[in-house]
Amino acid sequence: MKKLAALFTGIAVLVCGIVMTGCDNDSKNTIQEAFAPKNTWIEETVTVSGNNIYCYLYYNDSGSSISISNTHINSGKLDAGLTIIVRGTSGNSVFNSLTNNNIVVKTIKTGENVETEGGVRSFSADLWTALGIVRSFHTKTISTPECVRDTSYTVVTGEENEWKTFLANLLTTAVINKLLA
């Protein structure tokens, strides 16, 4: 009986080894896609200073820009990497000035270093997959958000007043820290 149990244990270990090392890139990509969808929109609500902030995430791994309807966002293109679009709501006391169809956009290119509370991290597809697993992105996919389709939404940039720019930078940093924590 012990020999039979040892034989089955050996076979199980051998099969697991073959499966783990024999995984080609297509299988790995399929597993990653199941937990952290790429080239699709994810809606994530992040709490910053007690306020719920709507975030729309898009991980473009195509290696080139894709076109979108709202030309206020990066001239109508999403670059390769992670694009985070943050939209405040009228109920947010701290970020009220970012409402009225104003959005904040941040793109983190693949390989770019991102400074967070936990230290400096290099953004990669593996980090996106880890985020997707931890934050259950596969359950949060949505169609293209209104702020990406509708050109009435404008991006807060340094050309407005300094207060809005400061809030936009503060908000983006807080969201990235929450996502990558």
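Values quoted throughout were computed directly from the atomic coordinates according to the rules given, and no laboratory measurement underlies them. Because the structure is a prediction, the values reported are computed rather than measured. Every residue, glycine among them, receives a Cβ derived from its backbone with ideal geometry; neighbour counts consider all protein chains shown.
Per-residue counts of other Cβ atoms within 10 Å, averaged by peptide: what ranking do you get for 109-118, 139-148, highest first?
Details: 109-118: 12.5, 139-148: 14.5.
In descending order of packing, they fall as 139-148, 109-118.
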Legend entry - Whole-Hz couplings from phi, Karplus 6.51/-1.76/1.60, listed for region 140-156; x for Gly and Pro: 10, 6, 9, 6, 4, x, 4, 5, 8, 7, 9, 6, 6, 7, 10, 8, 6
Inset, instruction - Would you tally the net charge around S136, using a Cβ to Cβ cut-off of less than 14 Å, leaving S136 out, and scoring K and R as +1, D and E as -1? - result: 0
